[in-house]
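Report on the structure given below.
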Amino acid sequence: MSLDVAHLPRVARKHYGRYVAAVVVVAVLVAIVVSFAGGQIEWSVVGQYLTARAILTGVVNTFVMAVFAMIVGLALGVLFAVMRMSRNPVTRGVSYLYTWIFRGTPQLLQLFLWFNLALVFPYFVIPGIVEARTVDLMTPFVAALLGLGICQGAYTSEVVRGGILSVDHGQTEAAQAIGMTRFQTLRRIVLPQAMRVILPPIGNEFISMVKLTSLASAIQYQEVLHSAQNIYYANNRVMELLFVATFWYLIVVSLLSLGQLVVERRFSRGVKR
Amino acid sequence: MIKAVDVHKRFGAHHVLKGISLEVAAGEVLCVIGPSGSGKSTFLRCINQLETIDEGAVWVDDELLGYVERDGKLHQLSDAQIARQRRPIGMVFQRFNLFPHMTALENVVEGPIRVLRESRDTAHARGLELLERVGLQDKGGAYPSTLSGGQQQRVAIARALAMRPRLMLFDEPTSALDPELVGEVLAVMRDLAGSGMTMIVVTHELGFAKEVANQVVFMDDGRVVETGPPDQVLVNPAHERTKTFLSAVL
């Protein structure tokens, strides 16, 4: 046995699997590109409608709806998570009921219910404050916001509850020991730590929400898929416009993913990796 | 300053405290020793109302904890009132429980700013003083995860002191520490006792108890077995149970 072996030059192992995989993937991609290039699709039409006014309006509406519905969902989610974890049996029950109803029915159905609420209540009246016809109030925007936001809250409340449960109980005790109230403890100590656990699934849900806004096209909300459909009903360029919509969904979702990265970094302060 | 009378606590069918009565005068250091499961920590947590008591009563500075007496009955206080009663009582935990998303200084000033409504500048100036007092003046900007156990526990002491407590509770403050870090925490506690702070310390550090305590309580199975000055309880215990415990520990 020669001890010289200890210092001989080393040669890394060959990763043949990687080369094989690369070749297969390239072949498949080429096949897809070639078939689409030769297929019956006018790429110039895609390019032309990419920045059409109606499409851009739809993109903005999609984004606005996703953001506002998510804000409603987060607010309700935190509220109902806290209610669910409260010592008060009434709020616990209400929270349970809320989750059960809104998680248990299809979102599209909920959108239709909100949109058609005028059939049940023709007038919306809060004495001395509001008095209006429900049809005027329940615009596609409002109906979609309520439908998507309230349903989102039911899911978010479970995510938030999981996050709160993940924070060590010693944190609450330490906060109480310096005389903080329950609300202060929640806001200053527990929620900021829960955020680290809550954010990844919320990022997921936000991205789902962007895509869920397409449901609102069913109640005439002018989001990007609705705009694309309106155009292809007129010009018959179905696939071209669906590709336009695909492009914009990917852009919006990519932007949100970047945002998530930034926010997650903000809430991981003090955490050792 | 602290008076506990016949304190009982049950967790379900488990009777943890079976009638604890004791008194601590202002400026005194009381060390509570005993085997694990004897109820020492539970009793300490009752004083800070992290646990509710089932029977008996505790007074701090003649104020009844957790209840107000009216029409011959004890009415439970609200959460806000209980939070107010906790303010003059500082507590240090076995597992430190520093807020991990805040720096050492932010941990210390959180209470003064949010609870005592001190201005940011006042709180920061005093927070730095307190960090200096526990020997961590250069660690104000450090997050707890970058500090050693001993340093974290000293920050936790500074955080409790920032609330200007009249009473400090220590729940096995050195039990989670590596042996070589115990000394730095005990030194801070010794210094604090020397400054006249009233302290109740649940500990396994008999050397510390012997040196610093005015009074030692030995608890077993939810009862106070023996109480007296350290020379008596730790050196010449009257009860057989205390002797067995001490010989097992030493």
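The values are calculated or read from the model by the stated rules, or taken from the named source; none is laboratory data. These numbers were taken from a predicted model, which means no experiment stands behind them. Glycine also receives a Cβ, built like all others from the backbone with ideal geometry; neighbour counts cover every protein chain displayed. Side chains are part of the model used for accessible areas, which takes the heavy atoms of the whole protein and leaves out ligands, DNA and RNA. Shrake-Rupley method; radii C 1.70, N 1.55, O 1.52, S 1.80 Å.
If the condition is being crowded, with 19+ Cβ neighbours inside 10 Å and β-branched (Val, Ile, Thr), then the range B:1-37 contributes B:Ile2, B:Val7, B:Val16, B:Ile20, B:Val24, B:Val29, B:Val32, B:Ile33. Can you find a residue in the range B:136-143 that is within 27 Å of B:Ser38 (Cα to Cα) and in contact with a Leu (Cβ under 7 Å, 6 or more places away or on another chain)? Among the residues of the range B:136-143, not one is within 27 Å of B:Ser38 (Cα to Cα) and in contact with a Leu (Cβ under 7 Å, 6 or more places away or on another chain), which makes the answer no.
Applying the condition of being at the interface with chain B (Cβ under 7 Å from one of its Cβ atoms) and out of contact with any strand residue (DSSP E or B) (no Cβ under 9 Å at 6 or more places or on another chain) to the range A:158-175 and asking which residue is surrounded by the most Cβ atoms within 10 Å (Cβ to Cβ) yields A:Gln171. Tell me which residues, restricted to the range A:162-216, are within 26 Å of the chain's Cα centre (by Cα) and among the acidic types (Asp, Glu). Once the filter is applied, which keeps residues that are within 26 Å of the chain's Cα centre (by Cα) and among the acidic types (Asp, Glu), the range A:162-216 yields only A:Glu205.
The one condition from (1) over 30 Å from B:Leu116 (Cβ atoms); (2) at pLDDT below 95 that A:Gly149 does not meet is (2).
Regarding A:Ile189, is this residue at pLDDT 95 or above and surrounded by 20 or more Cβ atoms within 10 Å (Cβ to Cβ)? I'd like the intermediate steps shown before the answer.
Numbers: at pLDDT 95 or above: yes; surrounded by 20 or more Cβ atoms within 10 Å (Cβ to Cβ): yes.
So A:Ile189 fits the description; yes.
Being over 30 Å from B:Pro173 (Cβ atoms) and of a type outside the set (Asp, Glu) is true for just one of A:Gly104, A:Gly170. Which residue is that? Give the steps one after another, and end with the answer.
Details: A:Gly170 fails: over 30 Å from B:Pro173 (Cβ atoms).
Among A:Gly104, A:Gly170, only A:Gly104 is over 30 Å from B:Pro173 (Cβ atoms) and of a type outside the set (Asp, Glu).
In this structure, does A:Ala75 turn out to be surrounded by fewer than 19 Cβ atoms within 10 Å (Cβ to Cβ), of a type in the set (Gly, Ala, Ser) and within 16 Å of the chain's Cα centre (by Cα)? So A:Ala75 passes the test.
Just to verify a result, which residue in the range A:215-234, among those that are of a type in the set (S, T, N, Q) and touching a residue at least 40 places away in the same chain (Cβ under 8 Å), is surrounded by the fewest Cβ atoms within 10 Å (Cβ to Cβ)? Walk me through it before giving the result.
First, the residues of the range A:215-234 that are of a type in the set (S, T, N, Q): A:217, A:220, A:222, A:227, A:229-230.
Keeping just the survivors that are touching a residue at least 40 places away in the same chain (Cβ under 8 Å) gives A:220, A:222, A:227, A:230.
Working: A:Gln220: 13, A:Gln222: 19, A:Ser227: 26, A:Asn230: 15.
The residue in question is A:Gln220.
When the test is whether a residue is more than 14 Å from chain B (Cβ to nearest Cβ), polar (S, T, N, Q) and either closer than 30 Å to B:Phe96 by Cβ or touching a residue at least 24 places away in the same chain (Cβ under 8 Å) (or both), A:Asn204 does not pass it.
May I ask you to verify whether B:Ile200 is in a helix (DSSP H, G or I), touching a residue at least 60 places away in the same chain (Cβ under 8 Å) and open to solvent by less than 10 Å² (accessible area, probe 1.4 Å)? Steps first, answer last, please.
Details: in a helix (DSSP H, G or I): no; touching a residue at least 60 places away in the same chain (Cβ under 8 Å): yes; open to solvent by less than 10 Å² (accessible area, probe 1.4 Å): yes.
Spelling it out, it is not the case that B:Ile200 is in a helix (DSSP H, G or I), touching a residue at least 60 places away in the same chain (Cβ under 8 Å) and open to solvent by less than 10 Å² (accessible area, probe 1.4 Å).
Among the residues of the range B:52-74, is there at least one that is touching a residue at least 40 places away in the same chain (Cβ under 8 Å) and closer than 15 Å to B:Met168 by Cβ? Checked against the condition, which is being touching a residue at least 40 places away in the same chain (Cβ under 8 Å) and closer than 15 Å to B:Met168 by Cβ, the range B:52-74 yields at least one hit. Scanning the range B:47-58 turns up one or more residues that are buried (at least 17 other Cβ atoms within 10 Å of the Cβ), outside any strand (DSSP E or B) and more than 14 Å from every other protein chain (Cβ to nearest Cβ).
The numbered conditions (1) within 14 Å of chain B (Cβ to nearest Cβ); (2) open to solvent by less than 20 Å² (accessible area, probe 1.4 Å); (3) more than 19 Å from A:Leu79 (Cβ to Cβ) are all true for A:Arg196 except (2).
Looking only at the range A:106-124, decide whether some residue is free of Cβ contacts under 8 Å to residues at least 12 places away in the same chain, facing another protein chain (nearest Cβ under 10 Å) and under 25 Å from A:Arg92 (Cα atoms). Within the range A:106-124 (the criterion being free of Cβ contacts under 8 Å to residues at least 12 places away in the same chain, facing another protein chain (nearest Cβ under 10 Å) and under 25 Å from A:Arg92 (Cα atoms)), the answer is no, since none of the residues qualifies. Can you pull out every residue in the range A:85-103 that is open to solvent by less than 60 Å² (accessible area, probe 1.4 Å) and within 23 Å of the chain's Cα centre (by Cα)? Across the range A:85-103, the qualifying residues are A:Ser95, A:Tyr98, A:Thr99, A:Phe102. Summed over the range B:151-181, the residues that are out of contact with any strand residue (DSSP E or B) (no Cβ under 7 Å at 6 or more places or on another chain) and surrounded by fewer than 20 Cβ atoms within 10 Å (Cβ to Cβ) give a count of 7.
Taking the listed residues B:Pro144, B:Pro100, the one that is open to solvent by less than 20 Å² (accessible area, probe 1.4 Å) and of a type outside the set (Lys, Arg) is B:Pro144, with no other qualifying.
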